[in-house]
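Q: Once you've had a glance at the structure underneath, I'll fire off some questions.
Nothing in this text is a laboratory measurement; each read-out follows from the coordinates by a stated rule. The shown structure was predicted, so the numbers you read here are calculated from the model rather than taken from an experiment. Positions of Cβ are generated from backbone atoms using ideal geometry, with glycine treated the same way; all protein chains shown enter the neighbour counts.
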Amino acid sequence: MSLMAHINRQWRRVIDRRLQPLGLTQATWLPLLHLARAAQAMRQKDLAASLALDSSSVVRLLDGLESAGMVERCEGTDRRAKTIHLTALGLSTIKRVEELVGESREDILAGVPAHDLEKAFGVLEQVAEALALAQEETPA
């Protein structure tokens, strides 16, 4: 498992370097990506769970993203729980992030044969499923 952790850290460092010209770091682009890919508007606690962060860290993170004009917090049907939405700037930023991440993925994986990638992704999906099952079975 240390190999997977090592690859994950290296991958994120490469992405961070490529996103630096946009003024983004992992702490800012990753939440934007989670918000953009969510099936519905997320609440702060949903984003915190998605990022595996505590709520106080997410509050500071959202404060920064809101100050930068990339997100806004809106009252939903439950006034106690605000939903987080990407602004026009946030949407255009995440579009560029996804382009740069896609280009990076292509560059990094260019030398790996397609059938090897397919096999590796299949194995990783099996591991992800096993981990999800183990999480469900483990008492909180």
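Q: For K82, what residues show an amide H to amide H distance below 5 Å, using hydrogens built from the backbone and excluding near sequence neighbours?
A: It is Q44, by chain and number.
Q: Between D54 and V127, what FRET efficiency follows from the Cβ-Cβ distance if R0 is 35 Å, with the result rounded to 0.05? Don't skip to the end; give the middle numbers.
A: Working: r = 26 Å, r/R0 = 0.74.
Once the sixth-power term is evaluated, E becomes 0.85.
Q: Right, another one. On a straight-distance basis, which lysines could pair with K82 in a cross-link, Cα separation under 28 angstrom, same-chain partners fewer than 8 positions away excluded?
A: Cross-link targets: K45, K95.
Q: Still on this model: Would you calculate the separation in nanometres between label points at L89 and I108, each defined as 7 Å from the Cα along the Cα-to-beta-carbon direction?
A: 2.8
Q: With unit charges on the beta carbon (Lys/Arg positive, Asp/Glu negative), name the residue among L47, A88, N8 whose Cα is farthest towards the positive pole of the charge dipole of the chain.
A: Comparing the listed Cα positions along the dipole, A88 ranks first.
Q: Ok, one more. Need the C-alpha centroid separation for the stretch 101-140 versus the stretch 24-98, integer Å.
A: 25
Q: From zero up to wherever the largest Cα-Cα distance of the chain sits, split into 10 Å bins and tell me the percent of pairs in each.
A: With 10 Å bins starting at 0, P(r) equals 10, 33, 34, 20, 3, 0.
Q: How large is the dipole of the chain about the Cα centre if only Lys and Arg carry +1 and Asp and Glu carry -1, each at its Cβ, rounded to the nearest 20 debye?
A: Numbers: 17 positive and 19 negative charges, 102 e Å.
For the chain, the charge dipole is close to 500 debye.
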